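Read the structure below first, then the notes.
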């Protein structure tokens with residue numbers, strides 16, 4: 001199990017966006033049998049406030065994000081493909097989501113790049129191994 005410590009989207013030429021606040025909370029669980037569960041929440045919870053998430057695949061509601069399914073590691077050892085069975089990102093359900101990652105002992109860094117508003121956005125999620 002991994003605990004989320006940083007969640008940021010950095011658009012080229014613009015200020016970084018912290019959709020879940022400066023100190024988000026979350027858990028990423030990957031099992032040996034190929035299942036995963038991802039849960040992310042704004043800290044502190046803000047169910048009545050509007051989100052600043054610029055990602056077009058934002059969660060509903062935007063202050064809490066969760067999805068789950070199966071995953072497999074790619075042969076290159078730096079990516080996984082997650083098949084999303086369910087969750088609160090409607091656009092993800094039934095799709096395969098590929099993520100690039102780097103593992104540094106007790107730290108996992110997940111990244112992806114997407115386009116939004118004509119800008120390239122680099123997304124970074126940093127996690128620490130839970131003890």
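The values are calculated or read from the model by the stated rules, or taken from the named source; none is laboratory data. This one's a predicted model, so the numbers in the text were calculated from it and none came from an experiment. So basically every Cβ, Gly included, is an ideal-geometry build from the backbone, and we count neighbours across all protein chains shown.
General remarks:
- The criterion of being within 14 Å of the chain's Cα centre (by Cα), at pLDDT 95 or above and surrounded by fewer than 15 Cβ atoms within 10 Å (Cβ to Cβ) holds for residue 29.
- Within region 105-131, considering residues that are at negative phi and assigned to a loop (DSSP other than H, G, I, E, B), the one modelled with the lowest pLDDT: 131
- For region 84-107, a residue qualifies if it is surrounded by 15 or more Cβ atoms within 10 Å (Cβ to Cβ), within 16 Å of residue 29 (Cα to Cα) and more than 12 Å from the chain's Cα centre (by Cα), and the qualifying residues are 84, 87.
- Region 63-104: number of residues that are in contact with a strand residue (DSSP E or B) (Cβ under 8 Å, 6 or more places away or on another chain), assigned to a loop (DSSP other than H, G, I, E, B) and free of Cβ contacts under 8 Å to residues at least 40 places away in the same chain: 8
- As for region 49-56, it holds no residue that is at pLDDT 90 or above, out of contact with any helix residue (DSSP H, G or I) (no Cβ under 6 Å at 6 or more places or on another chain) and more than 20 Å from residue 131 (Cα to Cα).
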